[in-house]
Amino acid sequence: MLAMDYRGPYRVRLSEKPMPKILHPRDAIVRVTRSCICGSDLHLYHGMVPDTRVGMTFGHEFCGIVEEVGPEVENLKAGDHVLVPFNIACGQCHFCKQGLFGNCHESNAQATAVGGIYGYSHTAGGYDGGQAEYVRVPYADVGPTLIPDWMDPDDAVLLTDVVPTGYQAAEMGGIQKGDTVVVFGAGPVGLMAARAAWLFGAGRVIVFDHIDYRLEFARTFGPAEVYNFKEVDDVVVFLKKTTDGLGVDVAIDAVGGDAKGNFLQTLFGTKLKLEAGNAIALHWAINSVKKGGIVSVVGVYGPTGNMVPMGNVVNKGITIRANQASVKRLLPRLIEHVRAGHINPKAMITHKVPLADVADAYHIFAAKLDGCIKPVLVPNGG
Amino acid sequence: MTLPVKTESPSLVDTSTIPGWGVDADPRNDPTYPMRDQTQDHGLTRHWDRPPIQHPDVEILQSIEHIRQPAVVGTSTPPSGLSGVLRRTAFRWSESNWIHWLMLMGADRINVVEGVVADLAHARLPNIPGEMGIRSELAYNKRGFTKKVAVVAGVSLAISLLARGRRARKREDGTQG
Ligand SMILES: NC(=O)c1ccc[n+]([C@@H]2O[C@H](COP(=O)([O-])OP(=O)(O)OC[C@H]3O[C@@H](n4cnc5c(N)ncnc54)[C@H](O)[C@@H]3O)[C@@H](O)[C@H]2O)c1
Ligand SMILES: [Zn+2]
Ligand SMILES: [Zn+2]
């Protein structure tokens, strides 16, 4: 079968790989119909995530048709069209039982901090991902969810990650009616967070980025007040000024370690890799939230450490909430929201690219070319 | 009020001997709800009912913070070559140790070279510009492309001039090497 093949930082290609096999009685094999490239894949693509091995196939946002199931799979059968949450979760460990499907203890041998994630380096379990014609799906009774008849597969594939992630970002913000919410990052995750903030009753939503076409999109998709951080002197001062000097109620980091802006963070985090990425968005979130406020982090950072103003967290009494999205937990609610027209995920898809052109799709998304917001890879016959 | 016992860590302190233990506990003051649901007693212990265990036929490196192999494991790209040796070594340290991650990053870089060597060994010349998406760079970012080409050309020129200068100087001094 054909699959995306990582060759090193900034280098990917399509290769012929062996068909995935059932390796566990609860596995399924899924024929991929759609597979996105995510902002999270860019951390891998840029060589920022330790233990990213040459030859691995990325892709944690995919949907497809069940091809084969292992002997212990009960809820799925060949032919089912499913969307597959990016978390590999057993559904019965200490953490899954609490709804922490992003933190399963039975799916990642290489690390304990995070559960298994499809195609996301060996630090997230060493599973080949869905940017391929076929993919192995462990614990097939837990994650995969039937795509309702009425749902467009373009919406379904976005429910595997960015929609629940943006939604959980707002949820973790503990937004109360009338709150002012700032979202850093106008990528698909930040856009969804801005949209979801309203669902939780926000009174005001502000989005920061430095890419104008994305800000323009956020202005209507949020809808939100949008600002280019390159055009303001000091983001924190700007936010304080626009909130009577108090700061925002809730600050959401939807950027993560691939942030731009700030010389020192770029030097230490991006260039020298002494930090687990550039943490300037998190730094801004901590410093711009009001005392007693909540910082909600879904932006992804590496496993080492980052320079953030911890002293301010203490002195301001900030609550920081963060996690990998628990997709499975949120799906029922989000499917309702799509049906009710509260959210329109597929509006974010700007590029549909044949799997064969995976190298160009990565470059376009990474370099933010051609107005790209969300690219979707479609295998032949998908 | 009794709280569900969630782990079986040894209880070094008998809470019943502490005056006032738990009197201020307030389940509603849980900033992690609804991220995690602690309202019900799920009977959580370290000994949850485990899924069947996968027996991988490839080498799996395992965090030393795990007390046992998780029930399923990924079998993509098992460690191999020099990068594999380095990865194995890295797993002697825990996730909270910098050296663990630094060694893995080092292994990743070596692995890239191994990938190219493997390609060549299979009589395949990797099309690196293609893998980097050069077509889209040309189509959507001509200026960036020209800039990059200019920088690469400039740097290579500078290096070759330097090298030539040094060689010429050495020849003049009559030194060898
Ligand atoms: N926690 C989770 O479960 C989860 C799931 C999916 C994605 N993520 C993470 O969310 C983040 C965003 O994902 P995405 O798909 O939207 O990525 P993306 O790359 O499309 O978007 C990131 C945006 O942030 C902007 N940006 C860069 N520096 C900034 C700064 N200092 N301030 C404000 N904006 C800045 C970029 O210009 C870009 O538009 C990534 O870190 C990704 O790994 C987390
Ligand atoms: Zn993703
Ligand atoms: Zn689990």
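The values are calculated or read from the model by the stated rules, or taken from the named source; none is laboratory data. Bear in mind that the values here come from a model prediction, so they are computed numbers and not experimental data. Don't worry about glycine lacking a Cβ; one is built from the backbone with ideal geometry, like all the others, and counts go over all protein chains shown. The area values use the complete protein model at the heavy-atom level, side chains included, leaving out ligands, DNA and RNA. Shrake-Rupley method; radii C 1.70, N 1.55, O 1.52, S 1.80 Å.
Structure values in brief
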read-out: Single residue of B:S156, B:S94, B:S160, B:S83 found to be surrounded by fewer than 16 Cβ atoms within 10 Å (Cβ to Cβ) and under 29 Å from A:A276 (Cα atoms); value: B:S94
read-out: Scope the stretch A:115-140; condition more than 10 Å from every other protein chain (Cβ to nearest Cβ) and assigned to a loop (DSSP other than H, G, I, E, B); matching residues; value: A:G130, A:Q131, A:E133, A:A140
read-out: Condition check for A:S35: under 30 Å from A:G277 (Cα atoms) and either within 15 Å of ligand 2 (Cβ to nearest atom) or without any contact (Cβ under 8 Å) to a residue 12 or more places away in the chain (or both); value: yes
read-out: Per-region count, the stretch A:319-353, residues within 16 Å of ligand 3 (Cβ to nearest atom) and open to solvent by less than 10 Å² (accessible area, probe 1.4 Å); value: 3
read-out: Test: residue in the stretch B:36-54 that is open to solvent by 100 Å² or more (accessible area, probe 1.4 Å) and at pLDDT 80 or above; value: yes
read-out: Residue in the stretch A:54-71 that is away from ligand 3 (no atom under 16 Å from the Cβ), open to solvent by 30 Å² or more (accessible area, probe 1.4 Å) and closer than 21 Å to A:L331 by Cβ present; value: yes
read-out: Count of the stretch A:97-114 residues which are at the interface with chain B (Cβ under 7 Å from one of its Cβ atoms), among the hydrophobic types (A, V, I, L, M, F, W, C) and open to solvent by less than 10 Å² (accessible area, probe 1.4 Å); value: 2
read-out: Scan of the stretch A:72-96 for residues that are within 12 Å of ligand 3 (Cβ to nearest atom) and surrounded by fewer than 20 Cβ atoms within 10 Å (Cβ to Cβ), ordered by number; value: A:G91, A:Q92, A:H94
read-out: Qualifying residues in the stretch A:200-214 (those that are away from chain B (no Cβ under 14 Å) and either among the small types (G, A, S) or surrounded by fewer than 19 Cβ atoms within 10 Å (Cβ to Cβ) (or both)) - the one farthest from ligand 2 (Cβ to nearest atom); value: A:G203
read-out: Residue selected from the stretch A:218-239 under the condition in a helix (DSSP H, G or I) and touching a Leu at 6+ places or on another chain (Cβ under 7 Å), by the criterion nearest to A:K316 (Cα to Cα); value: A:A218
read-out: The stretch A:354-363: number of residues that are open to solvent by less than 40 Å² (accessible area, probe 1.4 Å) and farther than 17 Å from A:P9 by Cβ; value: 1
read-out: Condition broken by A:L282, with the remaining ones in (1) away from chain B (no Cβ under 14 Å); (2) surrounded by fewer than 23 Cβ atoms within 10 Å (Cβ to Cβ); (3) within 15 Å of ligand 1 (Cβ to nearest atom); (4) part of a helix (DSSP H, G or I) satisfied; value: (2)
read-out: The stretch A:14-28, residues that are open to solvent by 20 Å² or more (accessible area, probe 1.4 Å) and either at the interface with another protein chain (Cβ under 7 Å from one of its Cβ atoms) or modelled with pLDDT under 95 (or both); value: A:L23, A:P25, A:R26
read-out: Number of the condition not met by A:K352 [criteria: (1) closer than 30 Å to B:P31 by Cα; (2) touching a strand residue (DSSP E or B) at 6+ places or on another chain (Cβ under 6 Å); (3) among the charged types (D, E, K, R)]; value: (1)
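Residue by residue, here is whether (1) open to solvent by less than 10 Å² (accessible area, probe 1.4 Å); (2) among the aliphatic types (A, V, I, L, M); (3) away from ligand 3 (no atom under 16 Å from the Cβ) holds:
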residue	(1), (2), (3)
A:H122	yes, no, yes
A:G129	yes, no, yes
A:R136	no, no, yes
A:D141	no, no, no
A:W150	no, no, yes
A:A170	yes, yes, yes
A:T180	no, no, yes
